Structures are given as structure tokens and as C-alpha cells.
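Asker: Structure incoming, see below.
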């Protein structure tokens with residue numbers, strides 16, 4: 001880009017963000033520097049809730065017609081009242097009145113209803129877009145969202161006017177439905193979409209509330225139209241995006257993805273459609289996996305749930321958190337709560353909690369950063385609405401989880417717990433190679449546990465992972481902790497050091513793998529990567545019988561194909577149901593059996609064939625650290641037990657394929673869930689275990 005082009009782009013950015021205003025400049029700065037400031041301030045969920053609620057109140061007070069302004073734009077300020085979102089803010093305002101015990105929220109909901117009743121068209125429809133853009137043209141989607149608010153108001157107050165308006169709106173909605181179940185009239189951008197499921201779900205709710213089966217039937221026909229475009233492999237549903245271009249590219253923002261799935265879920269629950277609920281669950285798990293793997297939820301996803309943007313859609317984060325928690329209420333899987341809490345953490349970090357301008361304080365931007373691709377450089381009222389809804393639901397979910405009862409369930413009977421007797425002897429000494437990093441101490445612990453049967457590795461592979469450079473670390477500290485955090489770490493920033501595996505705390509005094517090899521005279525092979533062709537060739541030349549995981553990173557197929565017998569690992573959980581991270585903690589959290597598993601390694605994450613498992617249990621553990629230490633000791637002991645069997649027999653024990661079972665992968669436990677577990681374990685100590 002030329003210097004003139006750069007200047008023009010920068011000038012446009014200043015214009016579109018109002019960056020000359022101190023409050024706006026501060027917001028933009030916090031989108032780049034010290035992004036974890038809210039974490040450091042330790043704001044509670046209630047702090048965030050109240051801030052968002054107060055902002056929503058300001059959005060209503062920014063106009064005198066009783067509606068809620070659609071958004072605050074950084075380039076020009078408050079826009080005008082938005083009937084669609086004013087409608088579905090009514091249930092949120094009523095919930096705030098109860099949660100905060102402040103009657104004025106109920107009055108605000110009443111003002112919204114009065115505003116909406118004055119807008120209904122003779123047909124029963126409501127207008128689309130914001131008030132300053134349109135008052136006369138009907139909108140299918142807006143009308144349905146307003147029905148949601150009318151039903152909530154009627155349920156809370158028995159105001160017959162709301163029921164009558166909702167009934168008229170429902171009749172209009174069904175009148176424009178096509179025979180195949182789709183809606184192609186009075187729609188946004190003239191494109192029929194799957195996210196209309198978040199409109200027809202309110203038609204189903206209306207039918208349930210007024211005991212009008214025709215409305216539920218219409219919503220169910222639309223549900224079938226939406227599900228006809230589902231991908232059975234990934235759960236993606238075509239036409240979830242805003243535009244024809246999005247549909248052609250098979251992508252959508254998380255806002256409309258959540259609209260689609262949430263709408264399907266509500267309609268399916270009302271219509272007793274278990275098939276639709278199962279599909280929503282399938283899709284929701286795929287999206288949760290994307291969040292866990294990426295470390296955040298990308299604002300746009302493709303048909304394989306891979307990221308199609310580098311920005312996040314904060315509205316979509318809040319909506320997906322709601323969906324995951326509602327599914328948890330149905331199936332009890334805490335992995336969904338884990339994803340929901342992490343998605344909400346992102347929104348909380350992005351919420352301005354120290355803004356000098358009232359129009360910014362407590363708001364939720366369309367995107368993170370605020371100049372991202374969804375509602376660019378603006379703060380929409382629906383982002384705050386869904387964030388409030390999510391925090392209210394989170395409080396309920398956390399209370400239920402906090403009160404859960406612990407009590408270990410048994411190890412699944414299909415998992416082998418014993419090795420058979422050795423019936424043959426190895427014809428020669430096996431060539432075994434340990435896979436470790438330079439500083440991993442797991443290799444020393446394995447060798448110490450195997451000393452009794454004369455185990456001698458033929459070599460140790462030392463993965464020398466490249467560290468994170470000082471400049472890169474400085475940039476990350478600046479982004480996370482700001483200038484103050486960087487100054488506080490003015491001492492030299494050493495390169496990162498690799499590390500190894502999921503093993504718990506190393507035994508004090510254990511040497512690293514490199515030192516161990518040097519002192520014991522064990523041959524070593526060093527490489528920056530375990531897929532380095534030179535390393536792979538050297539390993540093939542060794543003609544190894546077995547590899548043993550001793551702290552190395554991810555093992556790729558080219559490496560795994562080398563040893564004659566395969567690669568053995570010890571896992572700090574009971575497979576097949578506890579794959580992945582923090583599995584000892586998750587098992588304890590769920591009240592399941594706690595233990596370790598020896599297994600073969602394949603290209604998946606803890607998906608290789610099972611060799612043997614051992615139940616450890618909570619024992620005397622009264623903290624997470626004690627629990628992990630006990631499981632860590634057990635995994636080394638079990639690995640040594642298996643290695644002795646292989647070393648003696650020259651072959652592998654019987655194997656059980658995991659593919660025959662339903663497996664579950666777990667990810668890093670959210671700090672709030674970990675704190676719940678810590679309190680549970682501490683109570684065991686108080687009660688004498």
C-alpha cells in the first residue's frame with residue numbers, strides 16, 4: 001500500500017471510530033493493549049451484569065419514544081429505536097426486575113410494550129429496521145422477535161392487549177409462509193435463511209402460550225425446511241449466514257449460527273422433536289470444540305467449524321454460551337458449561353468497565369476488536385441483551401453445579417484392568433526409545449520405576465522445541481497486561497523452554513532428559529521437530545521395537561509408523577471416557593472413577609488401543625494438587641508395569657480398540673469449575689474424608 005493509501009485508510013479509521021474523543025480513544029487502546037485489564041480488576045459477574053444493564057437503560061433513555069436505541073455508533077453516537085430488539089429485550093428487562101429487585105426495570109419493559117403496540121401495522125405485522133429508516137414496511141423477522149416480547153409481557157402481567165397483538169402478528173406470520181415451510185416474503189436482504197428458526201421458535205412459543213396448534217405446526221414445518229440443509233457429519237446447516245455470498249461460501253457469523261441452533265432447540269422442545277434436539281447438540285459440540293482448540297470462538301465459522309475470521313462476534317459468544325448452558329440443563333455434560341464460561345470470559349474482558357463516556361461504559365461491542373467484521377465500530381443493544389441473559393443463566397447453572405453431590409461411579413466394565421500372565425519370553429533384548437524434551441523429567445522417573453527388571457533404553461530422543469523469543473513475549477505481555485505489566489517485567493525475558501506432557505509435578509532432584517542421558521551414557525538424538533526427516537531416518541536406522549512417551553509433544557503418523565510394536569503412553573485418566581486435558585480433575589468433578597490408562601498412541605488425541613487401566617480414586621486428596629500428584633505417581637507405576645510385561649515377553653499385551661466405545665475428549669477446566677472442585681475436595685478434609 002502506498003503512503004497516500006496508508007494515510008487515507010488511517011484517516012478513514014479516525015473518522016469511523018471518533019478516535020479524537022478521549023473515551024473512544026481509550027476504548028480503541030484497550031482493544032490492543034492490556035486486554036486482560038478486567039481480569040486484573042477482578043470484577044464479579046454481578047459487576048458485569050449491572051454495568052450491561054445500566055448501559056441498556058441508557059440506550060432506552062437516549063430516545064423519548066419508549067423504545068431501545070439499536071446501537072451506539074462510534075462515528076455518530078446513538079441511532080434510533082429498534083423495534084425488533086426492543087421486542088426481545090422485554091423478557092430481559094423483566095428478568096432484571098426480579099434479579100436486581102428494582103421495579104424500574106418492569107416499568108422499562110412496560111415502556112417498550114407501549115412503544116411496540118403503537119407500531120403494529122393493520123396486517124398484524126411490525127416494521128423492519130430502525131424507526132428512522134422505516135415505519136411502514138413489514139418485516140417477518142422483526143415481527144417474530146416482537147412476538148417474543150409480547151408473550152413475555154402477557155405472561156407476566158396478563159395484559160390482554162399484548163396477547164391480542166401477538167395473536168394478530170402470529171396470523172400474519174403464518175399467512176406469508178411458503179408451502180415448503182420457508183419464509184421468502186418481507187425478509188432481510190431478500191434471502192431466505194436458516195436463522196429464521198429464531199423467528200419461528202417464537203411462533204411456536206406463541207402457539208404453546210395461547211394453545212393455538214396451527215402456530216406450532218407452522219414452526220415445525222420451518223424446522224423441517226431448515227434441517228433439510230443440515231450436514232450430518234459436522235452439524236453445520238446451510239443458509240445460516242446473512243447473505244447469498246455467505247450461503248455460497250458455507251459460512252456464517254456465530255450470531256446467526258446461534259440464532260439458528262437456539263431457534264431449532266426451542267421449537268424442537270415445544271414440538272417434542274428429539275431428532276432436531278440431537279442435531280442441535282451435534283452442532284453445539286462441534287462449535288465448543290472449535291472454541292477449545294482455538295482458545296477463543298472465531299466470529300465467523302465455515303461448514304467444518306473452522307475459523308473464517310480473526311475477530312470474535314461478542315453477541316455470538318453470549319448466545320452460544322446460553323445455548324451450551326441450556327443443553328447442559330438437558331444432558332448434564334459439564335464440557336458444555338466449560339465452553340460457555342470461557343465464551344463469556346471473552347465478552348467480560350472486552351466490556352468497557354472504566355469508560356469515561358456513559359455511552360461506552362458497560363457496553364458490549366459487535367466485534368472484538370471493535371473494528372471487526374460484525375457491527376463494525378458500534379455497540380448494539382442486542383449484544384448487551386444476550387450478555388445479560390447469559391450471565392443470569394450462568395448464575396443459575398453455577399448454583400446447581402455447586403450443590404451437586406460427589407460419589408464415585410465405577411470404572412466401565414469394558415475397560416481392561418489387568419494384564420494376563422506372560423506366556424512367552426523375548427528372544428532378544430528389545431530396542432526401546434524414549435521420546436522426551438531436553439528438560440522433561442519424566443524420562444528419569446520412568447527409568448527409576450523400571451530399574452527392578454533391568455530396563456535399558458536404546459536411545460532417548462530429545463525434542464528441542466524453539467522457545468518464544470523475548471520480543472514476541474514482550475508483545476504478548478503488552479497485549480495482556482499493558483505497559484505497567486511490561487515495565488514490571490523489565491528484567492530480561494528468557495526464551496520459553498518447551499516442557500513436557502500432562503504429567504504432574506516432577507520429583508525434586510530428578511534430572512532432565514538431556515542430563516539423564518549424559519550421566520547414564522544413553523545415546524541421544526536431538527531435533528527441533530519430531531517430524532524432522534533427518535531424525536526420522538536416524539530412528540529408522542535404529543530399527544526400534546518400541547517408543548515410549550516420556551514428555552515429548554504431539555506425535556505424528558510418520559514417527560508412529562517406525563517402531564515394530566508401536567508407541568506406549570500412560571494417560572492421567574480412565575480411557576475411553578476421559579481423553580484430553582485435566583481428566584483427573586474432570587473425573588473428580590463428575591463423581592466418576594479416577595484412574596490412569598496405559599495405551600498405544602495413534603494419530604488422534606488419546607484414541608489409541610487400550611492396554612490396561614488402574615483405578616486410583618480420591619484417596620486422601622483434599623486439594624487438586626494432591627489429587628494430581630496421586631494420579632501422576634500411579635501413571636508412572638502403571639507404565640512401568642506395562643513396560644515390564646513387554647520387556648519380558650517381547651510383544652504387546654492384548655489390545656482393546658477404543659473405536660468400539662463412545663469416547664469423550666475433555667479440555668482445560670475453567671477456573672470457576674476448578675474452584676468448585678477445590679472446595680469439594682477441601683470439604684472432604686473438613687469432614688475427615
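Asker: Which FRET efficiency value, to the nearest 0.05, do you get for residue 40 and residue 356 by plugging their Cβ-Cβ distance into 1/(1 + (r/R0)^6) with R0 = 22 Å?
Answerer: 0.70
Asker: Say each of residue 403 and residue 160 gets a label point 7 Å from the Cα, pointing the same way as Cα to Cβ; how far apart are those two points in nm?
Answerer: According to this spin-label approximation, the distance is 3.9 nm.
Asker: Still on this model: Can you put 601, 90 in order of Cβ neighbours within 10 angstrom, beginning with the fewest?
Answerer: Least to most surrounded, the residues fall as 601, 90.
Asker: Fewest first, what order do 50, 413, 151 take by the number of other Cβ atoms within 10 Å?
Answerer: So the residues, fewest neighbours to most, are 413, 50, 151.
Asker: Can you give the FRET efficiency for residue 75 and residue 395, using 1/(1 + (r/R0)^6), R0 = 51 Å, r = Cβ-Cβ distance, to the nearest 0.05? Mind dumping the intermediate values first?
Answerer: Details: r = 36 Å, r/R0 = 0.70.
After rounding to 0.05, the efficiency reads 0.90.
Asker: Order of 425-432, 8-15 by packing, highest average Cβ count within 10 Å first?
Answerer: Top of the packing list down: 425-432, 8-15.
Asker: Given points 7 Å out from each Cα along the Cα-Cβ axis, report the residue 679 to residue 531 separation in nanometres with one decimal.
Answerer: Going from the residue 679 label point to the residue 531 one covers 4.4 nm.
Asker: Here's something else I'd like to know. On a 0 to 90° scale, report how tilted helix 624-649 is relative to the longest principal axis of the chain, with both axes built from alpha carbons and the result rounded to the nearest 10.
Answerer: 50 degrees
Asker: Please report the relative contact order for the stretch 1-136, taking Cα pairs under 8 Å with a sequence separation of at least 6, and give it as a percent rounded to a whole number. Write down the numbers at each step before the final one.
Answerer: Numbers: 126 pairs, mean separation 23.7, N = 136.
Over the stretch 1-136, the number comes to 17 percent.
Asker: If you don't mind, there's one more thing I want to ask. Could the peptides 159-172, 667-680 be put in order, highest first, of the mean number of other beta-carbon atoms found within 10 Å of their residues?
Answerer: 159-172, 667-680
Asker: Also: Helix 274-294 versus the longest principal axis of the chain: what angle, 0 to 90°, nearest 10, using Cα atoms?
Answerer: For 274-294 against the chain, the angle is about 60 degrees.
Asker: Can you give the convex hull volume of the alpha carbon atoms of the stretch 324-381 per residue, in Å³? Spell out each step's value before the answer.
Answerer: Numbers: hull volume 5.8 nm³, N = 58.
For the stretch 324-381, the hull spanned by Cα atoms encloses 100 Å³ per residue.
Asker: Please compute the contact order of the chain in relative form: average sequence separation of alpha-carbon pairs under 8 Å and at least six residues apart, divided by the residue count, as a percent.
Answerer: So the answer I get is 11 percent.
Asker: On C-alpha positions alone, give me the angle between the axis of helix 160-175 and the longest principal axis of the chain, in degrees, nearest 10.
Answerer: 70 degrees
Asker: Hey, another quick one. Only bridges whose two residues both fall in the chain count here: according to DSSP, what percent of them are antiparallel, nearest 5?
Answerer: Counting DSSP beta bridges with both partners in the chain, the antiparallel share is about 55 percent.
Asker: Neighbour counts of other C-beta atoms within 10 Å: give me 606, 333, 64 arranged from fewest to most.
Answerer: 64, 333, 606
Asker: Normalised by the number of residues in the stretch 240-336, what is the relative contact order in percent for Cα pairs under 8 Å and 6+ residues apart?
Answerer: Value for the stretch 240-336: 29 percent.
Asker: Can you give me the Cα centroid spacing of the stretch 145-186 and the stretch 193-249 in angstrom?
Answerer: 16 Å
Asker: Ranked from highest to lowest mean number of other Cβ atoms within 10 Å per residue, what is the order of the peptides 308-315, 367-374, 379-386? Write down the numbers at each step before the final one.
Answerer: Details: 308-315: 23.8, 367-374: 21.0, 379-386: 28.0.
Peptide ranking by packing, descending: 379-386, 308-315, 367-374.
Asker: Moving to a separate point now. For the pair residue 13 and residue 515, how long in nm is the line joining their label points, each one 7 Å along Cα→Cβ?
Answerer: Using points 7 Å along Cα→Cβ, the separation is 4.8 nm.
Asker: What share of Cα pairs, in percent, lie more than 17 angstrom apart in the stretch 82-176?
Answerer: 44 percent
Asker: Right, here's the next one. Considering only C-alpha atoms, what is the centroid distance from the stretch 75-100 to the stretch 611-689, in Å?
Answerer: Here the two parts' Cα centres lie 48 Å apart.
Asker: I would also like to ask the following. Which entry is the computed Rg and Dmax of the Cα atoms in Å for this structure: [x] 27.5, 88; [y] 34.3, 126; [z] 29.0, 91?
Answerer: Of the listed options [x] 27.5, 88; [y] 34.3, 126; [z] 29.0, 91, [z] comes from this structure.
The numbers here are math on the coordinates, done by the rules we state, and not lab data. Owing to the predicted nature of the structure, the values given are computational and were not obtained by experimental measurement. Cβ atoms come from the backbone with ideal geometry, glycine included; neighbour counts cover every protein chain shown.
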